[in-house]
1. Cβ-Cβ below 7 Å, separation at least six or inter-chain, first residue in the range 163-188 and exposed (fewer than 12 other Cβ atoms within 10 Å of the Cβ), second outside any loop (DSSP other than H, G, I, E, B): which pairs?
2. I want to confirm something. Restricting to the range 65-85 and keeping residues that are β-branched (Val, Ile, Thr) and closer than 29 Å to residue 219 by Cβ, which single residue is surrounded by the fewest Cβ atoms within 10 Å (Cβ to Cβ)?
3. Being assigned to a strand (DSSP E or B) and closer than 18 Å to residue 272 by Cβ narrows it down to one residue among 107, 125; which is it?
4. State all residues of the range 1-23 that are free of Cβ contacts under 8 Å to residues at least 40 places away in the same chain and hydrophobic (A, V, I, L, M, F, W, C); if no residue qualifies, say none.
5. Looking at the range 48-67, which of its residues are over 21 Å from residue 127 (Cα atoms), in contact with a Lys or Arg (Cβ under 8 Å, 6 or more places away or on another chain) and part of a strand (DSSP E or B)?
6. Could you give every pair whose Cβ atoms fall below 9 Å, whose first residue belongs to the range 32-47 and is over 18 Å from residue 68 (Cβ atoms) and free of Cβ contacts under 8 Å to residues at least 40 places away in the same chain, and whose second residue is part of a helix (DSSP H, G or I) and not aliphatic (A, V, I, L, M), counting only separations of at least 6 or pairs across chains?
7. Which of the residues belonging to the range 220-275 are of a type in the set (Gly, Ala, Ser) and either at pLDDT below 90 or surrounded by fewer than 19 Cβ atoms within 10 Å (Cβ to Cβ) (or both)?
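The values are calculated or read from the model by the stated rules, or taken from the named source; none is laboratory data. The structure presented is a predicted model; accordingly, all values stated were derived computationally and were not measured. Cβ atoms come from the backbone with ideal geometry, glycine included; neighbour counts cover every protein chain shown.
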Amino acid sequence: MDTLDVIPLRSFLAIASCGGFHRAAAALHLSQSAVSQHVRRLEQVVGAPLVERNGRLMMFTPRGEILLSEARRILDVHDEVLRTVRVPHETDTLVLGSTEHGAEQMLPEIIASLRHAAPGTEVRLRLDRTARVTEALEAGRLDLAVVLEIGTASPLQPKLRLGWFASPEWTAPSDGPVPLVQFDPPCVMRPAVLELMAASGRPFHTVVEVGDLAGGQSAARSGLGAILLPVVDRGLEGLRPVLGLPEPPPVRMRVRGRDGVPARIVRVVQDAVDTAFS
């Protein structure tokens, strides 16, 4: 019987969260060829392509989108069972949950800092929505969580920059509501977007709701509307900044640890996050 290996599934989720093979490889400290091989192994099991390319753009196939959703559920159950039955041993394990937003910028910094501060510790990653990451931390399924906090960053604190993005061919209507691509609940950014647009007096309507970062980028690339996303130095493939929409609020990336995790480790991760966005 064919089986889905958790290691390729983690790489597959990282591709969605980081926005591509190269960025996923950097975040996971793997070679790009290793990440590509993981996807090929999954495609062999599924029996169909999971990703496709249109020029320089990478998109998930319909079957790939289904696997993304199921992979999160599989890894949640896998990690919870492992934590329950595993016999403690000398090599510690830290399970780190993080919001997808800004993952490609901060994960390499976080992993490098943890390897220096806690050599011999295995770091296991889970990328998901802030609400779900917070829930997993409070349920004891995570040791550390990196979450979004909207509107809390002071001028002196490093912060994640947000901006509006859309397809190069897309233009905002001169009159009538602005079409927006939004993340479905639970999403900490969604209420902020609604409040932002309402306060500006600019009419808008949600044309599509998506479940993850990759889906949001794909919908915006298709020309369906504008989406609020993290600003990255190298830019976002197939998307361009949109001017003329309300300025997004400041966003702070906060690190939380479950009870029992040393405060020193929490500070190491927070410093790494701040360095990534400084």
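1. Cβ pairs passing all conditions: 168/240.
2. 77
3. Values: 107 fails: assigned to a strand (DSSP E or B).
So the residue among 107, 125 that is assigned to a strand (DSSP E or B) and closer than 18 Å to residue 272 by Cβ is 125.
4. 1, 7, 21
5. 57
6. 32/21; 32/22; 34/11; 37/8; 37/11
7. Matches in the range 220-275: 222, 223, 235, 238, 244, 260, 263.
Quick grid of which residues meet (1) touching a strand residue (DSSP E or B) at 6+ places or on another chain (Cβ under 9 Å); (2) more than 20 Å from residue 23 (Cα to Cα); (3) of a type outside the set (S, T, N, Q); (4) not assigned by TED's automatic domain parsing to the domain that holds residue 114:
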{"site": "218", "(1), (2), (3), (4)": "yes, no, no, yes"}
{"site": "223", "(1), (2), (3), (4)": "yes, yes, yes, yes"}
{"site": "244", "(1), (2), (3), (4)": "yes, yes, yes, yes"}
{"site": "264", "(1), (2), (3), (4)": "no, yes, yes, no"}
{"site": "276", "(1), (2), (3), (4)": "yes, no, yes, no"}
